[in-house]
Amino acid sequence: MMKAPYAVQEEETRGRVYEQKRSDERSPYQRDRDRVVHCSAFRKLQYKTQVFINREGDFYRTRLTHSLEVAQIARAIARALRFDEDLTECLALAHDLGHPPFGHAGERGLDEALKDFGGFDHNDQSFRVVTRLEQRYAAFDGLNLSWESLEGLAKHNGPLKSPPPTIAAFNADLSLDLFRQTAGEAQIAAFSDDIAYNTHDLDDGLRAGLFGFEDILLLPVIGDLVREARKLTDQPHRIRAELSRRVINCLVHDALLESGRRIQALAPRSSEDIRAASFPVIAFSEEIRVANIELKRFLMARMYRHWKLNRMNYKCMNVTRTLGSLLLRRPDLLPDDWRERAGPGETLQAAATVRDYVAGMTDRYALDEFSRLTDPSVPA
C-alpha cells in the first residue's frame, strides 16, 4: 500500500549522527527496526518484568512479549492510516529498551537510590541505550538510528518541555524538535503501548485471579464486551481470550475512526504538518477515552495495588534500591570494567555507571547480584 503524503518519507530523512552508506534495499526505518531487534537490550526484555515477575508463571507478559504486542497493534494502525509501517514498528519495539528489572517497581527503587544524582527515568534510559550503551559498531557507540527514530523515542509521551538529562544533552547538539508534536508514526507507537498494556494487564489480572468477570461487568464498554464473550462460551479461559481480542479490536477500531477524522480535519500534506499541529492526530473518541480512563482506574485499584502485588513490588523495589545505593557508595564492589568507569563513589560519574549497570540487569541477574552483595553465604 502506498504511503500517504503525511507519512514520514524516507527521502526526507534528516539522516544519522554518523553517516553510513546505504548497503542494501532496506529503507532507513527498516534498518532501524532491524538494529533494535538484534541489539542486546532487546533480547534482555524476555527476562524483565511487565507486572508479574518471571518466576510467577510462563504465561504472564514480559517486557519482550509486551513490546511485540505493541508492535503488532502499531503496525496494523499504521497500515490502515497509511503511515510508514517500519518506522512505527521500530518505535514500538524500542520504547521499553531502558526498563530496569522488575518493571515499574524496579524503576521506583532505582530512582530512590539515585535521587541525589538525577534519579532514574526509563524513557531517558531507552534513549541512552540506543545512542550510547549498545556497542555493536567499531566506529561509534549506540545504534546510530535515524533522526526520525530518535525523535519518536525521545517524545514517546508527547512534546517535552523539561527533557531528562540524556535527551536534553543530545538535543543540545542535534535538535529533536522537542516542543512540537511527534510524527504520526511515533504517536501510533505510543498509543499502541496504551492499548496493549491495558488489554494484557486485564487479561493477566483475570488469569491470576486478582479479580473476576463479575468485577468488570460495570466498567463502560468492557462490561458489554464481557457479556458478548459469555454468549459464545462458558469456559473461563475462552471467555478471557475472547474478551482480550474484542477489547483490542474495539480500541483499535475506535482509534482508526477518530484519528481518521482528525487527519481529515487537519488535512496535512506532509509529516511536518502533523508535527506543527496543536493537537495529536492519533486519539480515541470521547466515549472510549473515558472508558479507557475507567479501565486504568480499575486496574490501579484491583491489580497494581493488590496486596499480593504490593508485597512483591516492595521486595523488588528493595532489590534495585539496595543495589543502586550500595554500589553508588561502594563502586569498588562493581566488576572491574564497570568499576573503572565509575571512579570514586557518590559522584555523577559513579551514579551514571550504577544507573547503566542496574538498569541493564534482567530480573534473574538482579536477584543473583543482590544475594552476592548482601548474603555472606553466597559466593561473590
*Could you please tell me which pairs satisfy a Cβ distance under 9 Å, a separation of 6+ or placement on different chains, a first residue in the range 65-78 that is touching a residue at least 24 places away in the same chain (Cβ under 8 Å) and over 18 Å from Ala283 (Cα atoms), and a second residue that is in a helix (DSSP H, G or I) and aromatic (Phe, Trp, Tyr)?*
His66/Tyr197; Ser67/Phe42; Glu69/Tyr197
_Checking Glu272 against (1) within 30 Å of Ala7 (Cα to Cα); (2) touching a helix residue (DSSP H, G or I) at 6+ places or on another chain (Cβ under 8 Å); (3) surrounded by 14 or more Cβ atoms within 10 Å (Cβ to Cβ), only one condition comes out false. Which one?_
(2)
_Here is a list: Ala80, Ala74, Ala105. Which entry is among the hydrophobic types (A, V, I, L, M, F, W, C), at pLDDT 95 or above, more than 30 Å from Ser175 (Cβ to Cβ) and in the same structural domain as Arg128 (by TED's automatic domain parsing)?_
Ala80
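To keep it simple, each residue is scored yes or no on (1) under 17 Å from the mean Cα position of the chain (by Cα); (2) within 30 Å of Pro268 (Cα to Cα); (3) of a type in the set (Asp, Glu).
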| residue | (1), (2), (3) |
| --- | --- |
| Glu89 | yes, yes, yes |
| Glu112 | no, no, yes |
| Leu150 | yes, yes, no |
| Leu174 | no, yes, no |
*Just wondering, is there one or more residues in the range 237-256 that are touching a helix residue (DSSP H, G or I) at 6+ places or on another chain (Cβ under 7 Å), assigned by TED's automatic domain parsing to the domain that holds Ala189, free of Cβ contacts under 8 Å to residues at least 12 places away in the same chain and small (Gly, Ala, Ser)?*
no
*Among the residues of the range 217-239, is there at least one that is touching a His at 6+ places or on another chain (Cβ under 8 Å) and either among the charged types (D, E, K, R) or under 18 Å from His95 (Cβ atoms) (or both)?*
no
*Considering only residues that are in contact (Cβ under 8 Å) with a residue 12 or more places away in the chain and outside any helix (DSSP H, G or I), look in the range 279-311 and name the one that is surrounded by the fewest Cβ atoms within 10 Å (Cβ to Cβ).*
Phe279
*On the given criteria, is Ser259 within 26 Å of Pro100 (Cβ to Cβ), assigned to a helix (DSSP H, G or I) and outside the structural domain of Gly106 (by TED's automatic domain parsing)?*
no
*Which condition number in (1) touching a helix residue (DSSP H, G or I) at 6+ places or on another chain (Cβ under 8 Å); (2) charged (D, E, K, R); (3) farther than 30 Å from Ala183 by Cα is the one that Arg329 fails?*
(1)
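The values are calculated or read from the model by the stated rules, or taken from the named source; none is laboratory data. Given the structure is predicted, the values throughout are model-derived calculations rather than measurements. Please note: Cβ atoms are built from the backbone with ideal geometry, for glycine as well, and neighbour counts cover all protein chains shown.
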